[in-house]
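Trainee: For reference, the structure I am asking about is given below.
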Amino acid sequence: MIVSLLCLFFLTGNICRSPIAEAVFRKMATDAGVVDKWRIDSAATSTYEIGNPPDHRGQACMKKHGVPMRHVARQVTKEDFMSFDYILCMDESNLSDLKKKANSVKNSKAKIELLGSYDPEKQLIIKDPYYVIKCFIFLNHPQLKPLYGTIGF
């Protein structure tokens, strides 16, 4: 397996939007036959949820739509900034936090951006579905497809 591109999704707690984006991205890469060329992961900027599984509602939604989800919340590391090509976050608060953290890493190579910057509708912020009782998949899936086209598959 040759990993040529690495993508890391970020949010504060790493139990809702970011693991959903990770799972959907992995499913789309698998369906496109290019998952072996990617290292796909997600992480948190905080320590709030480290070690916890994704939110049960997100897991149920992924299962309902046939999207495999295997994740345990973790916090971003210095190595992430040195090894990932793309670090995509869901909102401006996380973008600011990640850029500050990246500035303290000597060999940071990651392109840190909002996932929504790849949305053709330019909905830059991926809204937090945590307090809304509805299926999460549709909040992330439409904004992931343009990313694939931009990156090359």
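The values are calculated or read from the model by the stated rules, or taken from the named source; none is laboratory data. What you see is a predicted model, and the numbers here were worked out from it, not measured in a lab. Heavy atoms of the whole protein, side chains included, go into the accessibility calculation; ligands, DNA and RNA do not. Shrake-Rupley method; radii C 1.70, N 1.55, O 1.52, S 1.80 Å.
Trainee: Which ³J(HN,Hα) values, rounded to whole Hz and listed in residue order, are derived for the range 20-37 from phi using the Karplus coefficients 6.51, -1.76 and 1.60 in 6.51 cos²θ - 1.76 cosθ + 1.60 with θ = phi - 60°, glycine and proline given as x?
Mentor: Each residue's phi maps through the Karplus curve to give 5, 4, 4, 5, 5, 4, 4, 4, 5, 5, 5, 4, 7, x, 10, 4, 5, 8 Hz.
Trainee: Another question, then. Sort THR30, THR77 by accessible area with a 1.4 Å probe, largest first. Present the calculation step by step, with values, prior to reporting the outcome.
Mentor: Values: THR30 75, THR77 50 Å².
Ranked from most to least accessible, the order is THR30, THR77.
Trainee: For VAL34 and GLU79 in the same chain, what is the full-extension length gain: residue separation times 0.36 nm, less their Cα-Cα distance, in nm?
Mentor: Values: separation 45, 0.36 × 45 = 16.20 nm, distance 2.40 nm.
Computed gain between VAL34 and GLU79 is 13.8 nm.
Trainee: Can you give me the orientation-averaged projected area of the convex hull built on the Cα atoms of the range 2-62, in nm²?
Mentor: Values: hull surface 17.2 nm².
Over all viewing directions, the range 2-62 projects a mean Cα-hull area of 4.3 nm².
Trainee: On the full set of protein chains, 1.4 Å probe, figure out the accessible area of VAL35 and give it in Å² to the nearest 10.
Mentor: About 40 Å², rounded to the nearest 10.
Trainee: Please work out how much accessible surface ASP31 shows to a 1.4 Å probe, ignoring ligands, DNA and RNA, in Å² rounded to 10.
Mentor: Using a 1.4 Å probe on the heavy atoms, I get roughly 110 Å².
Trainee: Given a 1.4 Å probe and the protein chains all in place, what does the accessible area of MET28 round to, in Å² to the nearest 10?
Mentor: Here the residue's solvent-accessible area equals roughly 30 Å².
Trainee: Now for a different question. Here are some pairs, LYS106/LYS127; LYS63/LYS122; LYS63/LYS100; LYS37/LYS106; which of them have Cα atoms lying more than 30 Å apart in this structure?
Mentor: Details: LYS106/LYS127 32 Å; LYS63/LYS122 28 Å; LYS63/LYS100 35 Å; LYS37/LYS106 26 Å.
Pairs exceeding 30 Å: LYS106/LYS127; LYS63/LYS100.
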